[in-house]
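Below you'll find the structure, written out as structure tokens, and then a few comments.
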């Protein structure tokens, strides 16, 4: 049996435990109450970044670490409950110190990881790491390149019996051939670039050469006839059987993206009636080729023209001589000989482009149409571009161009329009001034030069820089030229010019005299951003594109010349 003293001590301990539990509950309730009071939305903080994209901190990292290490005591809520005894205080303080030590250790570990592993969000850091990776892998890449040139004794991948003496990179993964399998397979793949290993190193050979095994047991190179890859008809005569023999025809040159090939035309002969068939120009076109001449002694692959057109679009300054020089270099690289005629290539390419244009016309495809401005065009900008001199005596032929009237308007139509305007409205000669600036384009009249043009061409473009229409200028930049182009694009909402302030009054005077030009006044006018800076302040405020109602900031930024 427990004594009364022991019972009293036990009751006191139980009361102290109950008091401590009530104290903890009170602190938890106060903390929850504080959280509910401070649930207002936090303000948005913007981080300042440098030119590399890294965050720029307001304080050094050492001060930030020091301030964070002093924070744990700031957020604790001081309870209003009765104070605890000394033993409970010691236990509570000990637990809090252990918790603070754990938090401090975790913060130190995180800061160390941050220092050891920098962020990869910086573009310069990523580029530096990529450069280091390439620099470290450079010796291995060199070893790989040298080992790829190492000659290894291989067995033919087709017969799996004889020694391989030919490797064709375009027949991968079965790229190794013996002499017999090479002749049977590449008889139908004439344009493949093959390499021999008979001399102990890789050497390209043309398709007109083959490797044969001599009686002495050594390999040698011999000549062979190769046929132009072309589509063959199923029947060449009215015989019931389609049995025909293939023989060598006339020589022909094929030029593709890998250079020049000297081949032969296949000739089919019926074994029963001796009827012969040889491919003509129509057969070459069906096979994907295009003749350099009507005799079809040289053929260009149509894919070569598409590649040349794409390169001219990406690099307009590249000449046909540079392109054909590249073809000559590839011809030599793959073990073949011969040159590509640059003039014949240019002439054949223009004929190919013209025929494609006529085909697109039959299909209903409109040329020189900006996809972004279709079907409703917002703005058209007109200006005289580039110097273009035309002399009276040249060595050029007088043949009309392939695309007369497609992009550059016909000179007869432009001259008749100019004479109509000049004959109806009395023009005012003199200097065209806007403030202190004299504009050569802001003239109503200009004398025609005897031997050469003053400016060259007048071109209309959309706000995306897409060429729409142009004309040849023979009197300098007069108002009649942009008026002709404006007449071609009456559906547009805005017309941007470099001398809008002088052009609008002239247009009003002309449209009053010529009633069929009155719809041109429905278009709204503006100055481009660049040209507006050269006008006086009043003119810039009145006609700049940014101040035009309905234009918006997008049009004001994009209407440039």
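Some values worked out for this structure:
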quantity	calculated
Residue among 335, 405 that is at positive phi, surrounded by 11 or more Cβ atoms within 10 Å (Cβ to Cβ) and modelled with pLDDT under 85	405
Residue that is nearest to residue 192 (Cα to Cα), among those in region 323-346 that are assigned to a helix (DSSP H, G or I) and touching a helix residue (DSSP H, G or I) at 6+ places or on another chain (Cβ under 9 Å)	327
In region 536-550, the residues that are out of contact with any helix residue (DSSP H, G or I) (no Cβ under 6 Å at 6 or more places or on another chain), at pLDDT 70 or above and either in a loop (DSSP other than H, G, I, E, B) or closer than 12 Å to residue 498 by Cβ (or both)	548, 549
Conditions (1) loosely packed, with under 14 Cβ neighbours inside 10 Å; (2) more than 40 Å from the chain's Cα centre (by Cα): number failed by residue 219	(1)
Unique residue being at negative phi and free of Cβ contacts under 8 Å to residues at least 40 places away in the same chain when the list is 222, 256	222
Meets criteria (within 30 Å of residue 145 (Cβ to Cβ), at pLDDT below 95 and in contact with a strand residue (DSSP E or B) (Cβ under 8 Å, 6 or more places away or on another chain)) for residue 209	yes
Which listed residue is crowded, with 18+ Cβ neighbours inside 10 Å, closer than 29 Å to residue 330 by Cβ and touching a helix residue (DSSP H, G or I) at 6+ places or on another chain (Cβ under 7 Å), from 230, 196, 212	230
Top-ranked residue of region 233-274 - restricted to ones that are within 39 Å of the chain's Cα centre (by Cα) and assigned to a loop (DSSP other than H, G, I, E, B), ranked as surrounded by the most Cβ atoms within 10 Å (Cβ to Cβ)	258
In region 192-206, the residues that are free of Cβ contacts under 8 Å to residues at least 60 places away in the same chain and in contact with a strand residue (DSSP E or B) (Cβ under 7 Å, 6 or more places away or on another chain)	192, 194, 195, 196, 197, 198, 202
So residue 300, is it part of a helix (DSSP H, G or I) and either surrounded by fewer than 15 Cβ atoms within 10 Å (Cβ to Cβ) or touching a strand residue (DSSP E or B) at 6+ places or on another chain (Cβ under 7 Å) (or both)	no
Residue match in region 480-502 (condition: buried (at least 19 other Cβ atoms within 10 Å of the Cβ), over 37 Å from the mean Cα position of the chain (by Cα) and modelled with pLDDT of 80 or more)	yes
Meets criteria (at pLDDT 85 or above and surrounded by 16 or more Cβ atoms within 10 Å (Cβ to Cβ)) for residue 528	no
Inter-residue pairs, beta-carbon under 7 Å, first in contact (Cβ under 8 Å) with a residue 12 or more places away in the chain and in region 122-136, second outside any helix (DSSP H, G or I), 6+ apart	122/52; 122/53; 122/54; 123/52; 123/53; 124/52; 125/118
Every pair of residues 6+ apart whose Cβ atoms lie under 6 Å, when the first sits in region 6-25 and is at pLDDT 75 or above while the second is surrounded by 11 or more Cβ atoms within 10 Å (Cβ to Cβ)	20/88; 23/81
Answer from 398, 358, 366 - the residue that is under 24 Å from residue 520 (Cβ atoms) and either at pLDDT 80 or above or outside any strand (DSSP E or B) (or both)	366
Test: residue in region 106-119 that is in a loop (DSSP other than H, G, I, E, B), loosely packed, with under 10 Cβ neighbours inside 10 Å, out of contact with any helix residue (DSSP H, G or I) (no Cβ under 9 Å at 6 or more places or on another chain) and modelled with pLDDT under 85	yes
Options 277, 290; residue that is crowded, with 17+ Cβ neighbours inside 10 Å, over 18 Å from residue 341 (Cα atoms) and in contact with a strand residue (DSSP E or B) (Cβ under 6 Å, 6 or more places away or on another chain)	277
Flag for residue 380 being within 30 Å of residue 545 (Cβ to Cβ) and surrounded by 15 or more Cβ atoms within 10 Å (Cβ to Cβ)	yes
Filter result (without any contact (Cβ under 8 Å) to a residue 12 or more places away in the chain and within 20 Å of residue 227 (Cα to Cα)) within region 142-186	184
Search result, residues across region 159-189 that are in a loop (DSSP other than H, G, I, E, B) and surrounded by fewer than 16 Cβ atoms within 10 Å (Cβ to Cβ)	159, 160, 161, 162, 172, 173, 174, 187, 188, 189
Test result for residue 431, surrounded by fewer than 11 Cβ atoms within 10 Å (Cβ to Cβ) and at pLDDT 65 or above	no
Test result for residue 253, under 30 Å from residue 324 (Cα atoms) and touching a strand residue (DSSP E or B) at 6+ places or on another chain (Cβ under 7 Å)	yes
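The values are calculated or read from the model by the stated rules, or taken from the named source; none is laboratory data. Worth saying up front: this structure is predicted, and the values here are computed from it rather than measured. We place every Cβ from the backbone using ideal geometry, glycine too, and count neighbours over all the protein chains shown.
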